[in-house]
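Novice: Sharing a structure, written as structure tokens. Questions coming.
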Amino acid sequence: MMVGRLSSVFPTARVRHLDKERSDHRPILCDTNGEEDEESKWEWSFKFDPHWVRHGECPKVIEEAWKQDPHADTLTKLLSCRSKFEQWSRTAFPNFRIHRARIRRARKMLELTRRSLVVETQLKQLDKEEEELDHNEELY
């Protein structure tokens, strides 16, 4: 949404989030003319991840979305599924790379401190978390 002075200067402006090609960032295109082409009307950037099927909660997510409004048309139900999957996947499938980096930073900090029973216990806990992360990453 365009805000402030920018929207008063370009009242018909539209912003589109483009697909990422060679980066982990999505480029943003700001069209100051605000003309919507036919292709952008039907643009759908959501992609179902086949790994989700292996997760035990996947059928439940679909069922909840589909039954949310029994009288809705198919497109509305599909959009509901999309929304539910986007929400669910954030918690069911954490970003393994970020989680692993957090574990490694914590381990380095602990290794710099004087060894004690508490530190050893925390290091063992981090090892356990990393093993669990490895296991989950292999599954998904």
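Just so you know, all these numbers are worked out from the coordinates, no wet-lab data involved. For clarity, every value in this text was computed on a predicted model and none was experimentally measured. So basically every Cβ, Gly included, is an ideal-geometry build from the backbone, and we count neighbours across all protein chains shown.
Novice: Place a +1 charge on the Cβ of each Lys and Arg in the stretch 96-139 and a -1 charge on the Cβ of each Asp and Glu, then give the dipole magnitude about the Cα centre in debye, rounded to the nearest 20.
Specialist: 440
Novice: What's the local net charge at THR76, with K and R +1, D and E -1, over the other residues with C-beta under 13 Å away?
Specialist: Around THR76, the surrounding residues sum to +2.
Novice: Which lysines have a Cα lying under 28 Å from the Cα of LYS47, excluding residues fewer than 8 positions away in the same chain?
Specialist: Correct list for LYS47: LYS20, LYS60, LYS67, LYS77, LYS84.
Novice: From the phi of every residue in the stretch 115-124, what ³J(HN,Hα) in whole Hz does the Karplus formula 6.51 cos²θ - 1.76 cosθ + 1.60 yield, where θ is phi - 60° and glycine or proline is x?
Specialist: Couplings: 5, 8, 4, 5, 5, 4, 5, 5, 5, 5 Hz.
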